[in-house]
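Below is one structure, written out as structure tokens; comments come after it.
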Amino acid sequence: MFWDPTMVLLIPAILLSLYAQFKISSAYKYYSRVRAQSGLTGAQAARAILNSNGLYDVRVEAIQGNLSDHYDPRSHVISLSSDVYHGNSLASVAVAAHETGHALQHSSGYFPLQLRSSFVPVANFGSGAGPLLILIGLFMPSFGWLLQLGILAFALAVLFQLITLPVEYNASHRALVLLKEGGLLGNEEVRGARSVLNAAALTYVAAALAAVLQLARFVLIAQGRRDD
């Protein structure tokens, strides 16, 4: 956003993000070519897990996009990208099971998920308005208080990223347990599913690191402005 020496703080996050994108791309591509021995598609695997846990009211639907899979707790719908919904690969089953993990979190009242859901409006405001307020505060000294307000707003967006981490890791853990205990995947297949989900989780770690370092950068910029 502002080119100055503090930009070097973002280098670790940029490198981790590139590595995370490489990992998820390579893992998903590889295991998309490995057929699940059960022959189940992602949609069928999700439905089987939901039914075995009594979540008959949760729908599983196909949507457009690549790795656009998500669970909406408001509508009780698991949306799976077309490749995941129709695919019967280990990657498809793993991703679908991960989203059912979120549905199970919602059903059991998993607190981090509830907290993250309540933070969505605040996080959207913080990530959008925060940098803008900081920019105004920097270039209009008479409105310097906006700089502090912008940093506070952006800090809320960072907190959202940090809350997301345990939510995603827990959903992946639940998915792997359910796939193994439900007999949907064998032991060797579970290892493949774990590789896909671990690679996906790394993208959330990279996003959280980027947010934290960006916040640190804004704080340093504000401190430098006060010292001038």
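Of the solvent-accessible surface of segment 147-228, computed with a 1.4 Å probe and all protein chains present, 62% belongs to carbon and sulfur. Relative to the longest principal axis of the Cα atoms of the chain, the long axis of helix 11-31 lies at roughly 10 degrees.
For the residue pair Gln21 and Ser117, what label-to-label distance in nm results when each label sits 7 Å from Cα along the Cα-to-beta-carbon direction? Computed distance between label sites Gln21 and Ser117 equals 3.2 nm.
For segment 53-93, what relative contact order do you get, as a whole percent, if you take Cα pairs closer than 8 Å and at least 6 residues apart?
On the way: 57 pairs, mean separation 14.3, N = 41.
It rounds to 35 percent for segment 53-93.
With contributions of -39500 (n - 2.57) from each DSSP H run of at least four residues, the per-residue ellipticity at 222 nm computed over the chain stands at -25000 deg cm²/dmol.
With a 1.4 Å probe and all protein chains left in place, how much accessible area per residue does the chain have, in Å²? Mind dumping the intermediate values first?
Values: 11590 Å² over 228 residues.
For the chain, the per-residue accessible area is 51 Å².
Relative contact order of the chain: 26 percent, from C-alpha pairs under 8 Å at least 6 residues apart in sequence. Distance between the pseudo-spin-label points of Val8 and Glu181 (7 Å out from Cα toward the beta carbon): 5.0 nm.
With 0.36 nm allotted per residue and the present C-alpha distance subtracted, the Asn124-Phe139 stretch has 3.0 nm of extension available.
The values are calculated or read from the model by the stated rules, or taken from the named source; none is laboratory data. Treat the numbers as computed from the prediction; the structure is a model and nothing was measured. Neighbour counts are summed over all protein chains in view; Cβ atoms, including those assigned to glycine, are modelled from backbone coordinates with ideal geometry. All accessible areas refer to the heavy atoms of the entire protein, side chains included, with ligands and DNA or RNA removed. Shrake-Rupley method; radii C 1.70, N 1.55, O 1.52, S 1.80 Å.
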